[in-house]
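Following: one structure in structure tokens, then a few remarks.
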Amino acid sequence: MDADIKWLDDPETFRVNQLPAHSDHRFYGNYAEWAHHASRFVQSLDGQWQFKFANTPAERQPEFYNPALDCSDFDEIAVPSEIELSDYAQNNYINTLMPWEGKIYRRPAYAVDGENKEEGSFSQGEDNTVGMYRKTFDLAPSLRGKEIRVRFEGVERSMYLWLNGHFVGYAEDSFTPSEFDLTPYIQDEDNVMAVEVFKNSTASWIEDQDMFRFSGIFRSVELLAQPVTHVEDMTIRATVDDNYQDGHFGLQLQLDGEEGGSVRVLVKDADGNTVVSTEKAVAEKVTIDDVALQGVHLWDNHHPYLYQLLVEIRDQQGQLVELVPYRFGFRRIEINADYVVLLNGKRLIINGVNRHEWDDHRGRSVTMADMISDIRTFKENNINAVRTCHYPDQLPWYYLCDDNGIYMMAENNLESHATWQKMGKVDPSYNVPGSVPQWKEVVVDRARTNYETFKNHTAILFWSLGNESFAGDNIAAMGRFYKEHDDSRLVHYEGVCHTHDYSKQIPSLDKTTYLPAGGTKDYRDQISDVESWMYLPPKQVEEYLKNNPDKPFMECEYMHDMGNSDGGMGSYIELLDKYPQYFGGFIWDFIDQALQVKDPVSGKMVMRYGGDFDDRHSDYEFSGDGLMFADRTPKPAMQEVRYYYGLHK
Amino acid sequence: MAYTNKLHVIYGDGSLGVGGDGFHYIFSYERGGLESLKINGKEWLYRTPTPTFWRATTDNDRGSGFNIKSAQWLSADCFQKCTGINVQVDDHDFAGLPLDNDHYSNDETADQVVITYTFATLTVPSTTVTVEYTVMVGGPIKVHAHYTGKEGLPELPVFGIRMIMPSAATGFKYEGLSGETYPDRMAGAMHGTFDVEGLPVAKYLVPQENGMHMATDWVNITREITQNNADHSQEPFSMKVAKDQDPFAFSCLPYTAEELENATHLEELPLERRTVLVIAGAVRGVGGIDSWGADVEKQYHIPADQDIDFSFILNA
């Protein structure tokens, strides 16, 4: 198969030869490797790559992936990093409108009349910058002779992959891992990997997050060798019984590779006592049926108690060939008959923040140090929950949340507010995904990838379908995907509130501010287990809570922390004491998006926000809504958050 | 004048001087305010204190249009029109200025001197503000500010007295609430005594109102340098401002509201060379429901049609 640039224009082509998404578990050859965080099966490709930039698709280097190409005119770029922050392309911050606003007239394929494919929209886009990456590498000795894949943890926005001159595959969904099988083309030495990264494609319409618009390989790249027998996917099922004391443990493994041999499954408590120990023969599917456990330690924010799962795969000689460790907890989230959200049988209160991944030097290519610092800030300020706005985060963040008892709302990579929110008005004239059939699979795939990748993380209490994308059949289908695959979590989506008439529930709210003038099908019964709004003032929140709420209420965004703000927080917090159906919310947001640069006039390092790079259209200082300044020092309002979030810890 | 603990009063032609052990004040008739506040030989005023009405627009103010609705208060803050001065020495009220002053000596004394400046605000309609300085034996000055409520004026961003000092403070210490607080954002603060190094400006991306401290009992400001060319000392020196009856709010920054207003980035702000102390009697909340229209909660507004009174002690 050859790469086709027209995939950029086609919403129905979003993954080509990509391996199915699966559990994010790590795997090792033995216990020592695990202890040293050094798996013989993993080889990092992070570091300097050869790089060439093109302003438009037409200006690309032909056959840049050809191993024999003379690359003497290529530069070098760090992987992971943002192309813009190496000054190849202009930085641009924009909120709702598309980044080509006022420059290029575009509409999403099929969205206006169901017919127009908008051919050439991106493949010939004058604004579609391209990064051409090349990496020459030898396979590490421990990976040789095995099946080899490559995993790109995050690439904005659409990538084509070649190895040794052969086209391998294509991926979108910038914020989830993309894996490809390299086995047919891999050599022990002198491999040439080539990645072509386009800044825009049809995916741009559904990745219109309120953020600096970057492109590039901004998360790590790894080679993964497959052990002879390998846990390809794993689903842990840790349930809590109705007495909230006992639990059940179950496990499903999907194995690849050689048959024969055994699978040993151990579960140990935090003191190292073995509570489950069982052995099965290797098979394509290995299932440990629910094992009853008496007196399990429950996981929550105060006591993030995790059990250690160990899956040992042994060959027929009894030699350990793969070790899969995973830490998980027992916890139960549910909505009771009075529409109160319960965690482990007790009322759940979300003292949350929305968190974009941000580093004032590195953009969204955040580091482990950034993540560790953020967790520390959460703990210091009574923040007990995070919404991964509005895309999945780096893999380690989920583990950190498990370890530290941070409740997660794990959001899909989806935001399309430009397609329905026009200067504040609800006008879904060309909304995608909406109910446009050609935009269904791409978003359901995002739900699937989010679920499959992160399903074993105890910290995730809510799946969130996305942000500000209006609602239609396709978002309903995403919700159904979660409902069909996961009964251990709740499903959240705010945008559905724009399809329902709240005259009875929130009488003082002017309908024209949240409903489209042309009317809409009501999806409230189909989408979201919880009633979620953003920035609804306390008075209207109270109206909803007073008028026989039939879904628990939360604010997925509230207390907009732009500049000197966060006044009046008490009016929200006091509702928690009055209405059990109110379960809190996520402050907008955790950290300012600003870039630290050297000021040419003063020579000082200074913060730059939207518009400071001559980027137009921009939403300027709207990029700075954090409780933290972009350099990770707290804003003065943090003490207020610490106080109010401390009242319902 | 060490032989008396009374105030020494100098009936000047353009000012009233009031002195004592370790302090000397000049209340100017020409400049419409307290021109010199000298304590232990160090000058504390760069220009005369004035009423202040403006706060540098916050992101939430801009979003809700408050800066536009209340824009009149910016000009009222920039330009001050003093319309009357009244002097009272002990029980004698001069009903104006004591300019029939050729029969005084250099040994005039008093137990109390009260100078009241009246300002007409440059607003439509205009209203009046009086600032009354009561100098007491020993040097403390009670400052009482009164805003006369007036129908038809937009809500106030702030009401206070602004004093600009000749050099930047090296720091200040205060007893009150921790951190930056506003009427609608002070529940999380702890009461205590806090030492602040320098004159920190909160690093909001766009410079804006910042650094307010609500419910303060006292603040002690420390400087090290003066503009006096003959002053060779680098020893730190301080002045204390204390509450009168009720705690006050204050901010102590290197910039005026107008300087902050004019900058779109921190690095555009001028070099730090002054101390701008605002003692506020009324502070508007900052809000936070959203940044594109939601108003500050009603109880944290400053209505313009109601009188505002507050007082504090200078050189306490």
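Report whether or not B:GLU235 is loosely packed, with under 15 Cβ neighbours inside 10 Å, away from chain A (no Cβ under 14 Å) and more than 20 Å from the chain's Cα centre (by Cα).
So B:GLU235 passes the test.
List pairs: first in region A:603-615 and at the interface with chain B (Cβ under 8 Å from one of its Cβ atoms), second hydroxyl-bearing (Ser, Thr, Tyr), Cβ under 7 Å, 6+ apart or cross-chain?
Going by the 7 Å Cβ cut-off, the qualifying pairs are A:TYR609/A:TYR93; A:TYR609/A:TYR620; A:TYR609/A:SER623.
So in region A:276-316, with the set limited to residues that are crowded, with 17+ Cβ neighbours inside 10 Å and acidic (Asp, Glu), which one is farthest from the chain's Cα centre (by Cα)?
Filtering region A:276-316 for residues that are crowded, with 17+ Cβ neighbours inside 10 Å and acidic (Asp, Glu), the one farthest from the chain's Cα centre (by Cα) comes out as A:ASP315.
Take B:ASN220 and tell me if it is modelled with pLDDT of 95 or more and within 30 Å of B:ASP309 (Cα to Cα).
Criteria met by B:ASN220.
Just wondering, is there one or more residues in region A:377-400 that are over 30 Å from A:TYR643 (Cβ atoms), touching a strand residue (DSSP E or B) at 6+ places or on another chain (Cβ under 6 Å) and at pLDDT 95 or above?
Looking through region A:377-400, none of the residues is over 30 Å from A:TYR643 (Cβ atoms), touching a strand residue (DSSP E or B) at 6+ places or on another chain (Cβ under 6 Å) and at pLDDT 95 or above.
Given the conditions (1) within 8 Å of chain B (Cβ to nearest Cβ); (2) within 18 Å of A:GLY352 (Cα to Cα); (3) not polar (S, T, N, Q), and given that A:TYR582 satisfies all but one, which numbered condition is not satisfied?
(1) is the only condition that A:TYR582 fails.
Any chance region B:175-192 includes a residue that's open to solvent by less than 30 Å² (accessible area, probe 1.4 Å), within 14 Å of chain A (Cβ to nearest Cβ), basic (Lys, Arg) and more than 14 Å from B:ILE279 (Cα to Cα)?
Scanning region B:175-192 turns up at least one residue that is open to solvent by less than 30 Å² (accessible area, probe 1.4 Å), within 14 Å of chain A (Cβ to nearest Cβ), basic (Lys, Arg) and more than 14 Å from B:ILE279 (Cα to Cα).
Please enumerate the residues belonging to region A:253-275 that are under 30 Å from the mean Cα position of the chain (by Cα) and either at positive phi or outside any strand (DSSP E or B) (or both).
A:GLY257, A:ASP269, A:ALA270, listed by residue number.
Looking only at region A:415-432, decide whether some residue is at positive phi and not in a strand (DSSP E or B).
Yes: one or more hits.
Among B:ASP305, B:ASP290, B:ASP309, which is out of contact with any Cys (no Cβ under 9 Å at 6 or more places or on another chain) and assigned to a strand (DSSP E or B)?
When all the criteria are applied, what remains is B:ASP309.
Within region A:89-104, how many residues turn out to be open to solvent by less than 30 Å² (accessible area, probe 1.4 Å) and of a type in the set (A, V, I, L, M, F, W, C)?
So the count comes out to 4.
Can B:ALA56 be described as within 14 Å of another protein chain (Cβ to nearest Cβ), touching a Leu at 6+ places or on another chain (Cβ under 7 Å) and either surrounded by 13 or more Cβ atoms within 10 Å (Cβ to Cβ) or not small (Gly, Ala, Ser) (or both)?
Yes: the conditions hold for B:ALA56.
For the structure I just gave you, tell me whether A:SER532 is within 22 Å of B:SER291 (Cβ to Cβ), in contact with a His (Cβ under 8 Å, 6 or more places away or on another chain) and more than 13 Å from every other protein chain (Cβ to nearest Cβ).
Here the answer is yes, as A:SER532 does meet what is asked.
Please find, among B:ALA257, B:ALA280, B:ALA304, B:ALA249, the residue that is open to solvent by 10 Å² or more (accessible area, probe 1.4 Å) and under 26 Å from B:THR127 (Cα atoms).
Answer to the check: B:ALA257.
Any chance you could count how many residues in region A:632-643 are facing chain B (nearest Cβ under 8 Å), open to solvent by 10 Å² or more (accessible area, probe 1.4 Å) and under 28 Å from the mean Cα position of the chain (by Cα)?
Of the residues in that region, 2 qualify.
Under the condition of being assigned to a loop (DSSP other than H, G, I, E, B) and within 14 Å of chain A (Cβ to nearest Cβ), which residue from region B:266-287 is nearest to the chain's Cα centre (by Cα)?
Looking at residues that are assigned to a loop (DSSP other than H, G, I, E, B) and within 14 Å of chain A (Cβ to nearest Cβ), I get B:ARG284.
Here are some conditions: (1) open to solvent by less than 20 Å² (accessible area, probe 1.4 Å); (2) in contact with a helix residue (DSSP H, G or I) (Cβ under 9 Å, 6 or more places away or on another chain); (3) not acidic (Asp, Glu). A:ILE372 meets all but one. Which one does it not meet?
Just one mismatch for A:ILE372, condition (1).
The values are calculated or read from the model by the stated rules, or taken from the named source; none is laboratory data. On a predicted model such as this, the values are computed, not experimentally measured, just so you know. Because the Cβ atoms are built from the backbone with ideal geometry, glycine has one as well, and the counts that use them run over all protein chains shown. Just so you know, the surface numbers come from the protein's heavy atoms only, side chains and all, with ligands and any DNA or RNA stripped out. Shrake-Rupley method; radii C 1.70, N 1.55, O 1.52, S 1.80 Å.
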